[in-house]
Amino acid sequence: MGLNGLSRRWRLLGNWSCVVGPAARRRTVCRPGLCGLASHGEEIGSGVRVRFGPSPTGFLHLGGLRTALYNYLFAKKHRGQFILRIEDTDQSRLVPGAAENIEDVLEWAGIPPDESPRKGGPCGPYQQSERLDLYLKAAETLVERNAAYYCFCTPSRLEILKKEALRMRQTPKYDNRCRHLTSKQIEEKLVQGCPYVIRFCLDKGTVSFEDLVYGTNRMEPASVEGDPVIIKADGFPTYHLANVVDDHHMNISHVLRGTEWLTSTAKHVLMYRAFGWDPPVFAHLPLLLNKDGSKLSKRQSDLFIQNFSQNGYLPEALLDIVTNCGSGFSGNRPGRTLEELVSEFDVTRIITHSALLDLDKLPEFNRIHLLRCIENSSSRQLLVTELQTLVEKVYKDNLPEGKPLSTDYVERVLVHRKGHITSLLDLLKPDYSYLWICPPVPREQMEDLTTEAVKICSMVLSLYQNCSNVHGTPADLNSELKWLQTQLTTTKYSAMMKLLRLALSGQQQGPSVVEIMLSLGPKEVCERLHRVIVR
Ligand code: GLU
């Protein structure tokens with residue numbers, strides 16, 4: 001993938017205060033100094049462990065990045081761990097390379113996991129397909145406790161049930177028939193080698209649980225679905241079982257995930273009960289929608305993070321825009337750094353309103369973050385290297401031989417253009433080609449200035465030879481040029497600048513002439529002016 005962009009590492013601010021819910025409070029004892037009351041949140045504690053559990057069914061998308069980011073912010077805010085767990089139990093939907101892409105993207109975005117398939121950690125493996133024994137054992141435990149059972153219903157029977165329900169205009173649901181098989185019947189079927197799944201017995205009645213965002217939820221899962229499958233015929237667990245088992249064994253304190261999982265949570269709570277485990281604290285994140293309220297689709301390939309990266313967008317801008325359109329902060333403003341996001345994040349400020357993503361604003365977000373990166377000397381060096389590589393790739397056949405782009409030169413260009421460009425890719429556009437290749441002298445456009453052209457170019461040349469101000473600030477150079485114009489009898493300042501711009505950049509518009517001169521540097525300026533004089 002093309003994530004060869006900046007690999008900046010982030011330094012996180014250390015103003016750690018923890019807002020945690022009941023489960024984490026149960027797990028941990030607050031230490032003096034770490035404890036207190038958050039201004040808007042609940043009691044402060046420690047021992048926070050959160051996870052991002054994407055299924056590798058596609059490359060990472062903006063919606064996924066947002067879920068990962070909120071988990072990261074919560075973990076770092078509370079001095080906890082952020083875990084990446086690859087949920088690859090649906091083998092039929094795996095996309096080759098997707099799991100690697102997800103971890104690459106998190107690193108590129110500056111929100112690397114503390115524990116992950118690549119990094120390892122104390123609760124690994126971090127890929128569900130490598131934890132199958134654990135799920136089978138857990139399912140067997142439930143079977144022993146009569147909280148789960150073997151189901152031998154054939155796909156054709158299930159299909160008939162479904163058709164019948166639809167015919168009766170009812171929601172299709174499994175009729176739990178195999179719940180009532182005797183041990184003898186089960187034994188016989190197993191001996192005959194009948195294929196089976198394991199289903200979880202959904203208790204009738206209302207399940208209630210607290211969610212940090214959605215408050216108290218009361219649901220009756222058994223009224224809307226039959227007993228769910230927890231181990232499939234291929235021996236793989238379903239999402240629900242694997243998720244509960246892993247969250248428990250990985251000691252996850254808080255589950256921050258998309259609101260589409262809110263209805264599954266009641267089922268999960270029942271599973272925790274059946275196992276005799278404490279559930280984590282839940283915080284479901286409201287939907288992230290397009291500006292017009294439509295759903296973000298995995299088919300919107302322009303939303304893949306690698307596409308943003310290839311189009312010159314900085315990770316900082318993406319993190320900023322996906323948080324700015326949503327809640328979780330006392331206010332929103334463009335230009336927040338990751339450090340600021342961490343310190344300002346407050347999970348109790350997340351509201352249930354959907355977040356509307358206005359990607360038309362992304363270039364402006366990128367401009368702000370690019371400006372900041374250029375102003376910071378270490379991130380500037382990375383930008384310089386990236387721009388050198390890009391220019392060499394795009395202009396490779398036209399770059400003057402023996403004149404490689406010097407780091408100083410590229411840095412100067414960036415420093416002068418900061419705040420004016422929304423992406424490094426802007427500098428590869430034809431309008432800026434004069435920065436990388438010497439443009440032909442546009443004699444036709446200079447026609448009406450010919451008589452003065454040689455004179456002006458000669459005067460500027462001698463200015464460069466005799467005046468140190470040309471190496472000074474933009475204001476110094478500007479005042480020299482103003483003075484020079486007073487020596488010309490017939491040419492106005494604007495006409496002089498027009499000529500210099502044409503001579504130096506071959507363009508009629510662009511950055512100020514002074515900026516062009518300072519960016520190109522004395523040697524290049526003199527060479528380009530000289531070409532006008534010698535004709
Ligand atoms: N594997 C699920 C997904 O891809 C994760 C859901 C969860 O975080 O519990 O969305």
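Figures for the structure shown
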| read-out | value |
| --- | --- |
| Unmet criterion (only one of (1) in a helix (DSSP H, G or I); (2) within 21 Å of the chain's Cα centre (by Cα)) for VAL95 | (1) |
| Total residues in segment 503-512, condition part of a helix (DSSP H, G or I) and more than 38 Å from the chain's Cα centre (by Cα) | 2 |
| Complete set of residues in segment 215-238 that are buried (at least 19 other Cβ atoms within 10 Å of the Cβ) and of a type in the set (Ser, Thr, Tyr) | THR238 |
| Some residue of segment 382-395 being touching a Lys or Arg at 6+ places or on another chain (Cβ under 7 Å), surrounded by 15 or more Cβ atoms within 10 Å (Cβ to Cβ) and touching a residue at least 12 places away in the same chain (Cβ under 8 Å) | yes |
| Looking only at segment 476-502, and only at residues there that are under 14 Å from ALA453 (Cα atoms) and free of Cβ contacts under 8 Å to residues at least 24 places away in the same chain, the one that is farthest from the chain's Cα centre (by Cα) | THR489 |
| Residue ID - nearest to the ligand (Cβ to nearest atom), chosen from residues in segment 81-95 that are out of contact with any strand residue (DSSP E or B) (no Cβ under 8 Å at 6 or more places or on another chain) and acidic (Asp, Glu) | GLU87 |
| Condition met for ALA75 (at pLDDT 95 or above, within 14 Å of the ligand (Cβ to nearest atom), assigned to a helix (DSSP H, G or I) and touching a strand residue (DSSP E or B) at 6+ places or on another chain (Cβ under 7 Å)) | no |
| Segment 39-56, residues that are within 14 Å of the ligand (Cβ to nearest atom) and either at pLDDT below 95 or under 15 Å from the mean Cα position of the chain (by Cα) (or both) | PHE52, GLY53, PRO54 |
| In segment 211-264, residue nearest to ASP88 (Cα to Cα) [restricted to those that are of a type in the set (Gly, Ala, Ser) and within 16 Å of the ligand (Cβ to nearest atom)] | ALA242 |
| Failed condition for ASP175, given (1) closer than 22 Å to GLN128 by Cα; (2) away from the ligand (no atom under 16 Å from the Cβ); (3) of a type outside the set (S, T, N, Q) | (1) |
| Residues that are under 17 Å from the mean Cα position of the chain (by Cα), surrounded by 15 or more Cβ atoms within 10 Å (Cβ to Cβ) and not in a strand (DSSP E or B), drawn from segment 345-366 | PHE345, LEU359, LYS361, LEU362, PRO363, PHE365, ASN366 |
| Residue that is farthest from VAL322 (Cα to Cα), among those in segment 242-285 that are free of Cβ contacts under 8 Å to residues at least 40 places away in the same chain and among the small types (Gly, Ala, Ser) | GLY276 |
| Residues that are closer than 17 Å to SER223 by Cα and assigned to a helix (DSSP H, G or I), drawn from segment 165-193 | ALA165, LEU166, ARG177, ARG179 |
| Inter-residue pairs, beta-carbon under 9 Å, first more than 21 Å from PRO54 (Cα to Cα) and in segment 286-301, second modelled with pLDDT of 80 or more and exposed (fewer than 12 other Cβ atoms within 10 Å of the Cβ), 6+ apart | LYS291/ASP360 |
| ASP292 at pLDDT below 95 and either more than 16 Å from the ligand (Cβ to nearest atom) or closer than 25 Å to GLY63 by Cβ (or both) | yes |
| Of residues in segment 265-284 being aromatic (Phe, Trp, Tyr) and away from the ligand (no atom under 11 Å from the Cβ), the one farthest from the chain's Cα centre (by Cα) | PHE275 |
| Conditions (1) touching a Leu at 6+ places or on another chain (Cβ under 8 Å); (2) modelled with pLDDT under 90; (3) more than 21 Å from ARG412 (Cβ to Cβ); number of the one not met by THR450 | (1) |
| Counted residues, segment 120-153 - those being in contact (Cβ under 8 Å) with a residue 24 or more places away in the chain and not in a helix (DSSP H, G or I) | 14 |
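The values are calculated or read from the model by the stated rules, or taken from the named source; none is laboratory data. What you are looking at is a predicted structure, and each value in this text was computed from that prediction instead of being measured. Note: ideal-geometry Cβ built from the backbone for every residue, glycine included; neighbour counts use all protein chains shown.
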